[in-house]
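The block underneath contains the structure these notes are about, expressed in structure tokens.
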């Protein structure tokens, strides 16, 4: 028996790095099988380093439009995966009016890394690779 949800919402603080990466990764692994979206507690523009490291694995994040919880178009998610403490609080609030499960996957915010361009990109790659591994494990391809 599968515990595969039909609709997943990823959330983080700004919907600029972690949740758009997770959304794009799940969409690429389960094309057309799971409805996937992402939001932030606040919405800002997608981070250029996130776009760059996702392009390295063949995923285009350049057209992502960030949105906040308040701007959600859909309200029928089976699962909300929060990637930051702030987003976890907002995700739990959703359960007051939406019948959904909430999972908390604490994920490092690579935007806080300072240093050379290479050092910063490496931090983004690490987050990307950790999300890819976690999503592949949680949402395995179905035969």
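Just to be sure before I move on: is residue 89 out of contact with any strand residue (DSSP E or B) (no Cβ under 6 Å at 6 or more places or on another chain) and closer than 24 Å to residue 6 by Cβ in the structure I sent?
no
When you go through (1) over 14 Å from the mean Cα position of the chain (by Cα); (2) surrounded by fewer than 17 Cβ atoms within 10 Å (Cβ to Cβ); (3) more than 18 Å from residue 136 (Cβ to Cβ) one by one for residue 49, which number turns out not to apply?
All conditions are met except number (2).
When only residues in segment 52-98 that are at pLDDT below 95 and closer than 20 Å to residue 139 by Cα count, which is surrounded by the most Cβ atoms within 10 Å (Cβ to Cβ)?
Looking at residues that are at pLDDT below 95 and closer than 20 Å to residue 139 by Cα, I get 91.
What number of residues within segment 99-110 are modelled with pLDDT under 95 and buried (at least 20 other Cβ atoms within 10 Å of the Cβ)?
0
Residues to consider are 28, 62, 75; find the one that is over 11 Å from the mean Cα position of the chain (by Cα), in a loop (DSSP other than H, G, I, E, B) and under 19 Å from residue 127 (Cβ atoms).
From the options 28, 62, 75, the qualifying one is 62.
Does segment 98-136 hold any residues that are under 15 Å from the mean Cα position of the chain (by Cα) and without any contact (Cβ under 8 Å) to a residue 60 or more places away in the chain, and which are they?
Passing the criteria: 102, 103, 104, 105, 106, 108, 126, 129, 130, 133, 134.
Kindly evaluate residue 67 against the criterion of being over 24 Å from residue 115 (Cα atoms), touching a strand residue (DSSP E or B) at 6+ places or on another chain (Cβ under 7 Å) and without any contact (Cβ under 8 Å) to a residue 24 or more places away in the chain.
No; evaluated as a whole, the condition is false for this residue.
What residue, among those in segment 27-46 that are within 14 Å of residue 6 (Cα to Cα) and without any contact (Cβ under 8 Å) to a residue 60 or more places away in the chain, is surrounded by the most Cβ atoms within 10 Å (Cβ to Cβ)?
Restricting to residues being within 14 Å of residue 6 (Cα to Cα) and without any contact (Cβ under 8 Å) to a residue 60 or more places away in the chain, the top hit is 36.
Does segment 129-136 contain any residue that is under 20 Å from residue 44 (Cα atoms) and part of a helix (DSSP H, G or I)?
no
Over 14 Å from the mean Cα position of the chain (by Cα), within 23 Å of residue 129 (Cβ to Cβ) and either at pLDDT 95 or above or not in a loop (DSSP other than H, G, I, E, B) (or both): is that true of residue 36 in this structure?
In short, no.
The values are calculated or read from the model by the stated rules, or taken from the named source; none is laboratory data. What you are looking at is a predicted structure, and each value in this text was computed from that prediction instead of being measured. Every residue, glycine among them, receives a Cβ derived from its backbone with ideal geometry; neighbour counts consider all protein chains shown.
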